[in-house]
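Below: one structure, written as structure tokens.
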Amino acid sequence: MTTSIYISQDSISLALGADETVQAIATAAVKVGEPIRIIRTGSRGMAWLEPYVEVLTPNGRIGYGPVTETMVDELIDTGLLKGNTEHPLCQGLTEQIPYFKSQQRLTFARVGVIDPLSIEHYESEGGLQGLDRALCLSAQQIIDEIKASGLRGRGGAAFPTGIKWQTVLDASVSGSDKNKYIVCNADEGDSGTFADRMLMEGDPFSLIEGMVIAGLGVGATHGYIYLRSEYPHTAEVLTRAIELAYQQQLLGEAIRASAHAFHLHLRIGAGAYICGEETSMLDSLEGKRGMVRVKPPLPAINGLFGEPTVVNNVITLATVPMILQQGAEHYQQFGQGESRGTLAIQLSGNVAQAGLVELAFGITIDELVRTYGKGSATGRPLRAIQIGGPLGAYLPSSLWQTSLDYESMASVGAMLGHGGLVCFDDTVDMAEQAEFSMRFCAAESCGKCTPCRIGSVRGAETIAKIRRNESRKDNLVLLEDLCETMVAGSLCAMGSLTPSPVRSAVQHFRQDFGDVNDDQMSGADIDA
Amino acid sequence: MKSVDCHERVSEICKSFVDTPGGLLPALWAIQNAYGYLAPEWTQTIADDFNLSAAEVYGVISFYKALKTCQPAKHQIAICRAEACQSMGGRNLEKTAVKCLSIEFDSSDRQFDLESVYCLGLCAAAPAMMVDGRLYGRVTEQQLLSTLERLQQE
């Protein structure tokens, strides 16, 4: 009997040697004369176990990890192909691993389970049921369903998705081509976030299906995925998925043999972080420099090529099919307060068990890091956690009882952003991190507005002076003043949120910026 | 290849994108994918095909750091310099690379381009790097050094 073996081809698995492991297993299986079939999947999201190998048994999939190519012969000898559980690398049934079992996987239900490029697999796990239902509904009914689900944009701003779609549905087209557009923001540039990438590599059809449903909801027949160029492997998967979708009438002139059309285009960015900002991305899609636009007009009214445009994040769009399939009622029973549904939490940095954890909103930072992360990777005490990407606040342990939902995070001056948590142990120098935040902004600012373009450069210089103990006391005042200007005077989140990591570092980790009483030169170069 | 042949081919590529809405960026990618970079002397050719000014085309090329205006070195080393990698010793990798290659970040010699990249999406396997398009996670200094030494001997 042929044994089915599942091995991820997610970028993270490839980076840790999954292709070499596949090769070694194929060779070893021939040597022992066992027929096997290797199915490449997305990643289960347990990064510390990658390359992770699963063997199908009558009881389910038994996992082994991390299986580097040098471990393969030993594992085969101890019965990996039979699902033998005695080897220390055996994790037992994947579905029973506590890290995995306790998750509430809605958006990521198929990721790591199916062959990402098999529409057959996709359909057998509930795919296309949402689209088929949407095809029987009116545009308004689709939008009402999304509104009722409580889904909010997962890109960071958390704007209610249904309301955005309603605005686009109600807006009138102005140009000659009479088009509205669906744009998927796949420019996942925030450090500490990788959920979009994992979803696109592990279940690309859910994104495509979500975009088609969005098209039906607002009356758009063209969609664009704007993918960052740092994800070449994702681009390959999406290109192939779009080709297959056209072949199977999931895209094209007659979606699922209906009278509805939807065309999808993949566009690759070119290494500009700012293009993750929606208006900058629209300029980039139009073939221009990725400069931030003044809002209003909102993209929903005047977006791509001047037409009404839905701009949504990958996770937002990929969640839509599931909501249509299982109903708004089902989705909105997860979560708390105004934060409904689940959050794809990305746990990374200095943590023993990094990976993707999809849970209903509401787990506390502390519980997440203890239960899932199992503390630091280095064994040292954790000291700071940055939440929500490079523009997110650094939180000290005294605030880790905060729960991970939009409202609770805002109440401690932080933001959830795209749901990424980056952990740092006690060797971190928070003044160095604050200086980096400003330098990053200086490197990536589009340059349109002064507080961001120049403020970031001055900010980095000022923090460097504080670290060198040059007029430390006065420069700390100056830094706060500069932060205030950036928050109030920048057009987009790049300039207005860069002060967030900086201020939180100063506020919660003041000792890293040095003792002001030690300051010998206060006032020396400030008054001039 | 003679310069005039290049201009013709560049122009051909551009023409296949002029009817694509927002086609300039995809055209620039296609040219870079064909030649490895965008030579400054092609700017006018591209501008003519898209009915833009050379300044506008230059403005787009210079905005995006993934678009290159000089011939790439033999090997591309991109090391992630963002927060998740910093938390796992990424700064030490940066120093090691600079020391070993004797070039600064975002500069190159004939053999190596040392590029800053802010996130490769491998934050759960930090620190990370990409060498000639291949991804590496949980990179140790030893692994970086042996990779660079192997490439230096090629």
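The values are calculated or read from the model by the stated rules, or taken from the named source; none is laboratory data. Because the structure is predicted, anything quoted here is derived from the model rather than measured. Note that we place each Cβ from the backbone using ideal geometry, even for glycine, and neighbour counts take in every protein chain shown. With ligands, DNA and RNA removed, areas are computed over all heavy atoms of the protein, side chains included. Shrake-Rupley method; radii C 1.70, N 1.55, O 1.52, S 1.80 Å.
Among the residues of the stretch A:387-427, the ones that are surrounded by fewer than 21 Cβ atoms within 10 Å (Cβ to Cβ) and within 12 Å of another protein chain (Cβ to nearest Cβ) come to 3 in all. Residue count for the stretch A:214-236, restricted to those that are away from chain B (no Cβ under 13 Å), open to solvent by 10 Å² or more (accessible area, probe 1.4 Å) and part of a helix (DSSP H, G or I): 1. Quick check on my filter: what residues within the stretch A:280-331 are more than 14 Å from chain B (Cβ to nearest Cβ), among the polar types (S, T, N, Q) and within 22 Å of the chain's Cα centre (by Cα)? Once the filter is applied, which keeps residues that are more than 14 Å from chain B (Cβ to nearest Cβ), among the polar types (S, T, N, Q) and within 22 Å of the chain's Cα centre (by Cα), the stretch A:280-331 yields A:312, A:313, A:316, A:319.
All but one of (1) farther than 20 Å from residue A:156 by Cβ; (2) open to solvent by 20 Å² or more (accessible area, probe 1.4 Å); (3) within 9 Å of chain B (Cβ to nearest Cβ); (4) under 22 Å from the mean Cα position of the chain (by Cα) hold for residue A:273; which doesn't? Of everything listed in (1) farther than 20 Å from residue A:156 by Cβ; (2) open to solvent by 20 Å² or more (accessible area, probe 1.4 Å); (3) within 9 Å of chain B (Cβ to nearest Cβ); (4) under 22 Å from the mean Cα position of the chain (by Cα), residue A:273 misses just condition (1). Of the residues making up the stretch A:496-518, those that are crowded, with 21+ Cβ neighbours inside 10 Å and either touching a Lys or Arg at 6+ places or on another chain (Cβ under 8 Å) or not assigned by TED's automatic domain parsing to the domain that holds residue A:416 (or both) number 1. Here residue A:491 qualifies as in a loop (DSSP other than H, G, I, E, B), open to solvent by 50 Å² or more (accessible area, probe 1.4 Å) and in contact with a Ser or Thr (Cβ under 9 Å, 6 or more places away or on another chain).
For the stretch B:128-137, the criterion of being buried (at least 16 other Cβ atoms within 10 Å of the Cβ), within 14 Å of chain A (Cβ to nearest Cβ) and not in a strand (DSSP E or B) is satisfied by at least one residue.
Which one of these is open to solvent by 10 Å² or more (accessible area, probe 1.4 Å), assigned to a helix (DSSP H, G or I) and within 28 Å of residue A:169 (Cα to Cα): A:267, A:240, A:256? Steps first, please.
Numbers: A:267 fails: assigned to a helix (DSSP H, G or I); A:240 fails: within 28 Å of residue A:169 (Cα to Cα).
Selected residue: A:256, the only one of A:267, A:240, A:256 that is open to solvent by 10 Å² or more (accessible area, probe 1.4 Å), assigned to a helix (DSSP H, G or I) and within 28 Å of residue A:169 (Cα to Cα).
Conditions (1) within 8 Å of another protein chain (Cβ to nearest Cβ); (2) part of a loop (DSSP other than H, G, I, E, B), marked per residue:
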{"residue": "B:60", "(1), (2)": "yes, no"}
{"residue": "B:72", "(1), (2)": "no, yes"}
{"residue": "B:76", "(1), (2)": "no, no"}
{"residue": "B:79", "(1), (2)": "no, no"}
{"residue": "B:98", "(1), (2)": "no, no"}
{"residue": "B:105", "(1), (2)": "no, yes"}
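So is residue B:145 aliphatic (A, V, I, L, M), open to solvent by 20 Å² or more (accessible area, probe 1.4 Å), on the phi < 0 side of the Ramachandran plot and over 14 Å from the mean Cα position of the chain (by Cα) or not? Here the answer is yes, as residue B:145 does meet what is asked. Regarding the stretch A:22-39, can at least one residue be identified that is open to solvent by less than 40 Å² (accessible area, probe 1.4 Å), of a type in the set (S, T, N, Q) and not in a loop (DSSP other than H, G, I, E, B)? No, every residue in the stretch A:22-39 fails to be open to solvent by less than 40 Å² (accessible area, probe 1.4 Å), of a type in the set (S, T, N, Q) and not in a loop (DSSP other than H, G, I, E, B). From the list A:298, A:282, which residue is modelled with pLDDT of 95 or more, closer than 30 Å to residue A:442 by Cα and open to solvent by less than 10 Å² (accessible area, probe 1.4 Å)? Going through A:298, A:282 in turn, just one is modelled with pLDDT of 95 or more, closer than 30 Å to residue A:442 by Cα and open to solvent by less than 10 Å² (accessible area, probe 1.4 Å): A:282. Only a single item in (1) within 18 Å of residue A:280 (Cβ to Cβ); (2) crowded, with 19+ Cβ neighbours inside 10 Å is not met by residue A:162, and it is number (1).
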